[in-house]
Amino acid sequence: MPEITFIGQDGASTTLAGSIGESIMRVATRHGIPGIEAECGGELACATCHIFVKTLGDADTEPPGEVEDLMLECTAVGRAFNSRLACQIYLTDEMGCVVVELPERQI
């Protein structure tokens, strides 16, 4: 079962187990992780689940698709080379330990 470590702006971290096929956003919202607004519920329509990916374990993930790429231009905090939307990263066996940082704000 993959584990996700969420690192907040204050440096505090929370590690949670996720299920294969579940998005990082779903894990965060299910556990009430502050800093993941997810206003659209994972429909790729709001960019309020912006994260900075530190590691995805051993997984090779696809780069952002065209719509995600456009949505990343609409984030409240500037886009970085490792910016992704948490609703678009689905957990796999290969991921193992995922580490993401949360931006200072989503809105």
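FYI, it's all coordinate maths here, none of it is from the lab. Bear in mind the structure is a predicted one, so any value in this text is a computation, not a measurement. Methodologically, a virtual Cβ is constructed for each residue, glycine included, from the backbone with ideal geometry; neighbour enumeration extends over all protein chains shown.
Overview of results
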| read-out | value |
| --- | --- |
| HN-Hα J in Hz across the range 74-83 - Karplus 6.51, -1.76, 1.60, θ = phi - 60°, x for Gly and Pro | 10, 6, 5, 10, x, 5, 10, 4, 10, 6 |
| Environment charge of Thr48, counting only residues whose C-beta is closer than 10 Å and scoring Lys/Arg +1, Asp/Glu -1 | -1 |
| Estimated inter-spin distance, Arg30 and Asp58, nm [label 7 Å along Cα→Cβ] | 2.3 |
| Calculated from backbone phi, Karplus (6.51, -1.76, 1.60) coupling profile of the range 12-21 in Hz, x at Gly/Pro | 5, 10, 10, 10, 10, 8, x, 9, 4, x |
| Rounded if a/c under 1.5, otherwise prolate or oblate - the range 1-47, Cα gyration tensor axes | oblate |
| Assigned charges on the beta-carbon of Lys, Arg, Asp, Glu; the chain dipole about Cα centre (debye) | 320 |
| Potential extension, Cys40-Glu3 segment - 0.36 nm per residue separation minus Cα distance | 10.9 nm |
